[in-house]
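Quick note: the coordinates plus some simple rules give every number you see, no bench work behind them. The structure displayed is predicted, hence computed values, not measured ones. Here Cβ is always computed from backbone atoms with ideal geometry, including for glycine, and neighbour counts include all displayed protein chains.
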Amino acid sequence: MILFELRCGNDHHFEAWFRDNATYDSQVASGAVVCPVCGDVRVAKAIMAPRLNRATGAKLDAHDTAQEMRRLLGQIRSAVEASCDYVGDKFADEARKIHYGEAEARPIYGEASADESKALEEDGVEFARIPWVGREN
């Protein structure tokens, strides 16, 4: 896995993990990588200093890795909450209305069951599942 610093066409910066560079290229080309702040799909790599975790006989600390993952997921949560409308358990209905032009196009977030998510996928509605971390320690 590799972590890239990304920038959207509106100059918002964010990070994303990819299996490798080829995965990044294909996901960006297909429009699957979206700015969490504004929803822009015009995404490119930002200038960054690469940080590769390579095992050199040193033991990887699972606790530190888990803490870092939790911190990053917390940043994602904060960005979503700051830039999207919360629609609660009406997510599937509202996403479908936006998809078909029956409601104002805007970024939303909320909850959907596995069945609702599958139905949205079958209808061609684009959305992403995000692991939602709690605010407690």
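Could you please report the charge total around residue 45, scoring K, R as +1 and D, E as -1 over all other residues with beta-carbon less than 9 angstrom from its beta-carbon?
On the way: positive: 7; negative: 5.
Every neighbour counted, the sum reads 0.
Quickly estimate the mean residue ellipticity at 222 nm for the chain, helices only: each DSSP H run with n ≥ 4 gives -39500 (n - 2.57), and the total goes over all residues, rounded to 500.
-11000 deg cm²/dmol
Straight-line reach from residue 97: which aspartates and glutamates have Cα under 19 Å away, leaving out those fewer than 8 places along the same chain?
Output for residue 97: 85, 89, 111, 115, 116, 121, 122, 123, 126.
May I ask which residue of 46, 108, 10 lies farthest towards the positive end of the charge dipole of the chain, with charges of +1 (Lys, Arg) and -1 (Asp, Glu) on Cβ and the Cα centre as origin?
The listed residue farthest towards the positive side: 46.
Taking the Cα centre of the chain as origin, sum charge times position over the Cβ atoms of Lys and Arg (+1) and Asp and Glu (-1), and report the length of that vector in debye to the nearest 20.
Values: 17 positive and 24 negative charges, 142 e Å.
Approximately 680 debye in magnitude.
With Cβ to Cβ distances under 12 Å as the rule, what net charge do the other residues near residue 131 carry (K, R +1; D, E -1)? Walk me through the numbers before you get to the answer.
On the way: positive: 70, 77, 129; negative: none.
Every neighbour counted, the sum reads +3.
If Lys and Arg each add +1 and Asp and Glu each add -1, what is the summed charge of the other residues whose beta carbon sits under 15 Å from the beta carbon of residue 7?
-2
If you take the square roots of the eigenvalues of the alpha-carbon gyration tensor of the stretch 84-137 and sort them as a ≥ b ≥ c, do you get rounded (a/c under 1.5), prolate (a/b over b/c) or oblate? The partial results should precede the final answer.
Numbers: a/c = 2.43, a/b = 1.50, b/c = 1.61.
Cα axes put the stretch 84-137 in the oblate bin.
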